[in-house]
1. Hey, Met36 hits all of (1) more than 23 Å from the chain's Cα centre (by Cα); (2) modelled with pLDDT of 85 or more but one; which does it fall short on?
2. Answer yes or no as to whether Ala46 is of a type outside the set (D, E, K, R), modelled with pLDDT of 70 or more and farther than 26 Å from Gln277 by Cα.
3. State which residue is farthest from Tyr263 (Cα to Cα) when the search covers only segment 461-486 and only residues that are assigned to a helix (DSSP H, G or I) and either open to solvent by 10 Å² or more (accessible area, probe 1.4 Å) or of a type in the set (Val, Ile, Thr) (or both).
4. Limited to segment 243-260, what total is found for residues that are in a helix (DSSP H, G or I) and either surrounded by 13 or more Cβ atoms within 10 Å (Cβ to Cβ) or at positive phi (or both)?
5. Among the residues in segment 434-449, are any within 30 Å of Asn283 (Cα to Cα), open to solvent by less than 80 Å² (accessible area, probe 1.4 Å), part of a loop (DSSP other than H, G, I, E, B) and of a type outside the set (Phe, Trp, Tyr)?
6. Kindly list the number of the only condition in (1) modelled with pLDDT of 85 or more; (2) out of contact with any Ser or Thr (no Cβ under 6 Å at 6 or more places or on another chain); (3) open to solvent by less than 30 Å² (accessible area, probe 1.4 Å) that fails for Ile52.
7. Going by the structure shown, is Lys71 in contact with a Leu (Cβ under 7 Å, 6 or more places away or on another chain), touching a residue at least 24 places away in the same chain (Cβ under 8 Å) and away from the ligand (no atom under 16 Å from the Cβ)?
8. Tell me which of these Val270 doesn't satisfy, since it passes every other one: (1) under 30 Å from Lys198 (Cβ atoms); (2) over 19 Å from the mean Cα position of the chain (by Cα).
Amino acid sequence: MKMKYSFRILPAFVAVGMLAGCSKNPVTGKKEIVFMSQEKEIALGAESHPSIVATMGIYDDKNLQSFINEKGMAMAKISHRPDLPYKFFIVDSPVVNAFAVPGGYVYFTRGIMAHFNNEAEFAGVLGHEIGHITARHSARQQTSQIFGQVGLAAGMILSPQVRAMGEQAQQALGLLFLSYSRDHETESDKIGVDYSSKIGYDAKEMADFFGTLKRISEKAGQSIPTFQSTHPDPGDRMQKVGKLATEYQIAHPGKYNVNRDAYLRKIDGVIYGNDPQQGFVENNNFYHPSLKFQFPVPSGWQYENSPAQFQMAAKDGKSMMLFTLAQGKTLDEAAQAVVKNYGLKVIENEKATINGNPAVVMVSQQAEQGQNGQAVAATANTIQVGTWLIQYGGNIYAIHGVATAGNYAANAGQFRSVAQGFKSVSDQSILNRQPERIRIKTAQRDATLREVLKDNNQPDGKLDELAIINGMALTDRVAKGSLFKTLGK
Ligand SMILES: [Zn+2]
């Protein structure tokens, strides 16, 4: 959870879809039905960008940013649509992913930047994403498919109504889960080969990166890029892209660069994995060091920390809690916003103090409407919400406990003890918790990857992960004087 901004939804996506017309595809040259004009595409990118920034944050690294700008603009120039207002960003997410929004917006996560092992791999993925834009893949899709399935973690879905509460925050993140058809993916892979080759990179490296993606998706417990499920099998793509790259180079003989050392030096110091400064769970507490608060996590509950919110749920799925920034400058404004946004009917409302912080406590029910739009009397299945709004450190936070009216009483004590456990953090060992970073080292001898990692005090439990990050096997040879990745504070 970054909590720099409150979340917003994406109005742009809702409006798309009605403007279908026939136009010539810039890449294939074929006439086809598209659902968006170029102006609409550009507007869509511009409108969704603030939501992406709000939910994920921009990863602040000037060197890396100027590198992706330079390569992005070079590729835009040789692309099928050089005139779009392209923009390139690194978002602050540990997930390995890249995505593009119509109109020229291209995003890489810091997670994928940490996993590339040379400039050519990056260029291949850049080409693939620019390909989705130039071939108008989003514009060719129905609106309903754009969001795809953005479900909450298993066990957190009580009912469509409760789900709607979570989805509001998840909607902006839905862009991360943009899914294209397999045909579009295959087309973009081919475009990626062409574009990256045209700006001088060896597209065979792009094929190798699919090998890395395959290993990441096979490794359990890792944040798996969601696009894996809809993308063609990385193994197949590796073969196809390898073949296309070879064909391209035979047809266009020349020098194709890999630039491994130059790339590795650029990512030295990049944050790897979750950043504890944005919140972590330890000993049944959620801690947020940069915002200096904590609250308890009931034991046995499942939880999920995302940039916009922290949510947790009982294993039986009968109750959940949602923690997020509230809207509004005062507690009253925040309370009104909650009632309005979630369509609630307030049953109880009182002022309180929680560990010295001014608060408002509300109990409300989701107002239900019958088929003719009239209010319907609450039943045992009506969603009941306990809300604690707490003013702390210049922000107002909302803690919601959600259950059906029939189950609410049984869970009210649990909700209350979480909310009343909200307090400041002063423990320096929590406040100063630092993320792991990619640290580039030079091999001091000819040895296996395993040996040079051990030479650099890398823990045994991390070796398999480090092999994937390095795009190598632990038994691969590393020559004396060559660079490789380690993890360190
Ligand atoms: Zn794709």
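The values are calculated or read from the model by the stated rules, or taken from the named source; none is laboratory data. Just so you know, these numbers come straight off a predicted model, no measurement behind them. FYI the Cβ positions are ideal-geometry reconstructions off the backbone, even for glycines, and counts take in every protein chain you see. Side chains are part of the model used for accessible areas, which takes the heavy atoms of the whole protein and leaves out ligands, DNA and RNA. Shrake-Rupley method; radii C 1.70, N 1.55, O 1.52, S 1.80 Å.
1. (2) is the only condition that Met36 fails.
2. yes
3. Gly461
4. Matching residues across segment 243-260 total 7.
5. Looking through segment 434-449, at least one residue is within 30 Å of Asn283 (Cα to Cα), open to solvent by less than 80 Å² (accessible area, probe 1.4 Å), part of a loop (DSSP other than H, G, I, E, B) and of a type outside the set (Phe, Trp, Tyr).
6. Failed condition: (1).
7. On the way: in contact with a Leu (Cβ under 7 Å, 6 or more places away or on another chain): yes; touching a residue at least 24 places away in the same chain (Cβ under 8 Å): yes; away from the ligand (no atom under 16 Å from the Cβ): yes.
For Lys71, the condition - in contact with a Leu (Cβ under 7 Å, 6 or more places away or on another chain), touching a residue at least 24 places away in the same chain (Cβ under 8 Å) and away from the ligand (no atom under 16 Å from the Cβ) - is met.
8. Looking at each condition in turn, Val270 falls short on (2).
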